[in-house]
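The values are calculated or read from the model by the stated rules, or taken from the named source; none is laboratory data. Everything quoted here is computed from the prediction, not taken from an experiment. With ideal geometry, Cβ positions are generated from the backbone for all residues, glycine too; neighbour counts draw on all protein chains shown.
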Amino acid sequence: MTNALPVIARRLVPMLIALALDAWMFSFAPVHAIGPSWMLLLLAALACFWVLWQPAGMRRDDFLPALAVLLSGLGVMLVARLSPHLAQRQLVWLLVSLVLAISAGPFFSTIRRLAAVKYIWVILSLIFFGLLVLFGREVNGAKLWIVLGPVRYEPVEIIKLCIVFFLAAYLSETGDVIAMTRPWSIRENAKYLGPLLLGWLPALIILILQHDIGMAALLLAVFASMLYAATRRIDLVLGGLCVFALCAWFALHHYGYVQTRVSVWLHPFADPLGRGYQSAQAYFSLAAGGLFGTGYRLGHPEFIPNVANDYVYAAFSEEFGALGGLVLLWLFGVLAFRMFAVAVAQPDLFAKLLALGMGATLAFQTVVITGGVVGLFPLTGITLPFVSYGGSSLLANFLLVALVWAISARPMTWSRESSASSS
Amino acid sequence: MNDALLRRGSVELVAALALVAFVAGRVRKDAFVGSSTGPPIHVVATMYSHADRVREIDGFTPLLLGRAHDCDVVLAADSDASRYHARLEGDDSMLFLRDLESTNGTFLNGTPVRGSIEVRDGDEIDLGVTRLRIERIGRTV
C-alpha cells in the first residue's frame, strides 16, 4: 500500500520534533558537558526506533514517547549545567532506560493477559523490599538504595509501578462489587476491601519504616484515585485521606527528620545557615529568576545543596523564569492529560485503570515535588519525573510511558487522511 | 557563547516549549474517543440465549457487546459474559469482531477469537451463553 510512508511519518514526526528541540537545548550547554556525540546519535536513533517498532495495523499515541524524550533531554541540559559528571551518568541511564523501554514493548503490548494474575505484583514488590532490607544502604537517614558495585538503584520506583499493576488487576475484578457495597456494612466491605488493603498496606508500612514519606504519600494519592475511578465511592477516598492524616501525624511525632522537614517548611528562615539552608537558597533562587529568568547558565542554582535531585525545578525556574517553570508544568500536565485520555478510551477496566494509575502517578509525583520546592508542602525527597538527576526514577518513568503508550494502541482503520494520501 | 545570546536563547526555548505544550495538549477527539474510526457499518443480527430467540439487533458499528450497562448490546442476563466482552468494528467496509480479553472467550462459528477477525453474513458469534446470528451486513462504501 502507498499508506506505508505516511504511517511511518506520522509515527516519527512527534519524536523528531522532540529530538530537534533537545538538540537545540544541548547547543546552549557548556562545551563538552554533554557527549560524546556518538552517544547522542545513538540515543536519538534508539528514540526513533522506539516509536517505529510497534505492531503493524495499530495506531498509538505517539506524543507520549516524544514528550518523555523531550523532558528527559531538558533534564540532561539542566544537569549538564549543574554538574557535567552527573550529566554523563544521566546519559548512560537514559540509554539503559530506552533499551529497557524498547525491549519491554512486546511484553507491554500483551499486558491485558496479565489482568488475571494479581498477586504476582505484590510478591514482586515484596521481593524488591527484601532485597532492600538485605542489600540496602542508608543514605541521608533513609535506607532506599540497593548498591551493586558502581550501580545504585532505588527499588521504590519500580515497586511504585508494581503496586499500580496490582491495584488495576484487583479493582478491575472487584470494582463493581465494591461500588455496590453499602459503606456501613463492615462485613461486606471487609470481604472485598480486605485483600486490597492486605496487598497494599505492607507496602505502605515498609515505606514508612524505610522513611520514605514522599513515596508513601504518592502511593496513597494514586490508590485513592484508582479506587474512586473503579468504584465511585467518595467515602473510601475520605477514608484514605484519614489514613494519610494518621500516618502523617504518626510520622511527625516519631521521626525526627519528618519534624525537621515540617519546621523548615513552616519557618524556612528560622535557621537559614543550618537546617533551613537548602530551602532558603531555593527561595532565593526562585526570586532571582523572576518572571523571565536569568537565562541558561547565567544564574547560580548551584548554591542550593543537592540541586540536581530535589531542587531541579528551582534551578530551571531561576534560569528560565517563573514563566519557564509554568511551561514545564504545562508539559507535565499535557503528558498526564494524554494518559488520562488513553484511559478514557479503553474498553476494558484493567487497561483503563492501569493507564489512569500510571497517569496519576506521574501527575501526583510532579505536584508533590514542585509543591515541595515552591513551599506549598513540606519537601519530600522524590524526583521530578524525567528531569531530575537519578537513574532509578528515569528508568521507572520510561517504563511507565512505554506501558501507557502500548495500552493506547487501537486498530488503525480506514481514515480520511490515509485515503487522501493513497488516492 | 555570550550572555545576551544565552538569555535570548532561553526565552526562545521557553516559547518553543510552550508551543509544543499547546499543540500536544490539543488531543484530537477522534484519536481517542470511541474505538474505531472506520466508516460505520450497518449490522442486523438475531440474539439467542440458550438457543431461545431473544431479540433482534439493528445498529451501526462500533458495537460494544457485554454485561456492562454502557455497552451498545447489553447482555444483562448472561452471567458468563464479561462486562466488556467483545466489539464489532467496521473497518474499510468490512465487519470485524474483536474479543476484549473476555474471561470465557468469544467464538466465531465455534472457533475461539484471538484479537480481531472478519465477520460475514450468516456467521454465528458465541459469547457466554448468548449467540448472535449475523443476518445482514450493510456496507456503506
Item to complete: Residue by residue through the range A:1-37, note down the ones that are farther than 23 Å from A:L71 by Cβ and either modelled with pLDDT of 90 or more or within 12 Å of chain B (Cβ to nearest Cβ) (or both).
Response: A:M1, A:N3, A:V31
Practice prompt. Among the candidates A:G75, A:G57, A:G35, single out the residue that is of a type outside the set (A, V, I, L, M, F, W, C) and surrounded by 19 or more Cβ atoms within 10 Å (Cβ to Cβ).
Written response: A:G75
Item to complete: Using the structure shown, decide if A:S83 is of a type in the set (S, T, N, Q) and surrounded by 24 or more Cβ atoms within 10 Å (Cβ to Cβ).
Response: no
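Conditions (1) of a type in the set (A, V, I, L, M, F, W, C); (2) free of Cβ contacts under 8 Å to residues at least 60 places away in the same chain, marked per residue:
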| site | (1), (2) |
| --- | --- |
| A:S225 | no, no |
| A:A245 | yes, yes |
| A:Y255 | no, yes |
| A:R261 | no, no |
Worksheet entry | Matching residues in the range B:36-69 - criterion: being in contact with a strand residue (DSSP E or B) (Cβ under 8 Å, 6 or more places away or on another chain) and of a type in the set (D, E) | B:E56, B:D58
Discussion item. Need the failing condition index for B:I117 against (1) surrounded by fewer than 23 Cβ atoms within 10 Å (Cβ to Cβ); (2) part of a strand (DSSP E or B); (3) under 11 Å from the mean Cα position of the chain (by Cα), just the number.
Written reply: (3)
Practice prompt. Within the range B:63-95, work out how many residues are at pLDDT below 85, in a strand (DSSP E or B) and of a type outside the set (A, V, I, L, M).
Written response: 3
Fill in: Matching helices (runs of 4 or more DSSP H) fully within the range A:263-378 where at least 1 residues are out of contact with any helix residue (DSSP H, G or I) (no Cβ under 8 Å at 6 or more places or on another chain), under 25 Å from A:K160 (Cβ atoms) and among the aliphatic types (A, V, I, L, M)
A:349-374
Item to complete: Look through B:D52, B:D72 and report the one residue that is surrounded by fewer than 21 Cβ atoms within 10 Å (Cβ to Cβ) and away from chain A (no Cβ under 14 Å).
Response: B:D52
Response to the item:
Among residues of the range A:289-305 being more than 10 Å from every other protein chain (Cβ to nearest Cβ) and farther than 11 Å from A:A315 by Cβ, the residue surrounded by the fewest Cβ atoms within 10 Å (Cβ to Cβ) is A:L291
Worksheet item: Among A:S317, A:S393, A:S388, which is the only one that is free of Cβ contacts under 8 Å to residues at least 60 places away in the same chain, surrounded by 21 or more Cβ atoms within 10 Å (Cβ to Cβ) and either within 26 Å of A:F223 (Cβ to Cβ) or within 13 Å of another protein chain (Cβ to nearest Cβ) (or both)?
Response: A:S317
Worksheet entry | Of the criteria (1) among the polar types (S, T, N, Q); (2) at negative phi; (3) touching a residue at least 12 places away in the same chain (Cβ under 8 Å), which one B:N109 fails | (2)
Item to complete: Could you tell me whether the range B:22-30 includes any residue that is at the interface with chain A (Cβ under 8 Å from one of its Cβ atoms), at pLDDT 80 or above and surrounded by 15 or more Cβ atoms within 10 Å (Cβ to Cβ)?
Response: yes
Worksheet item: Do the conditions hold for B:D78, that is, is it more than 14 Å from chain A (Cβ to nearest Cβ) and farther than 25 Å from A:V117 by Cα?
Response: no
Response to the item:
When B:T103 is run through (1) over 17 Å from the mean Cα position of the chain (by Cα); (2) assigned to a loop (DSSP other than H, G, I, E, B); (3) more than 9 Å from chain A (Cβ to nearest Cβ), the failure sits at (3)
Worksheet item: For the range B:89-112, how many residues are more than 20 Å from A:K352 (Cβ to Cβ) and surrounded by 22 or more Cβ atoms within 10 Å (Cβ to Cβ)?
Response: 5
Discussion item. Just to check your reading of the model, which residue among A:F340, A:F332, A:F350 is within 14 Å of chain B (Cβ to nearest Cβ) and modelled with pLDDT of 95 or more?
Written reply: A:F332
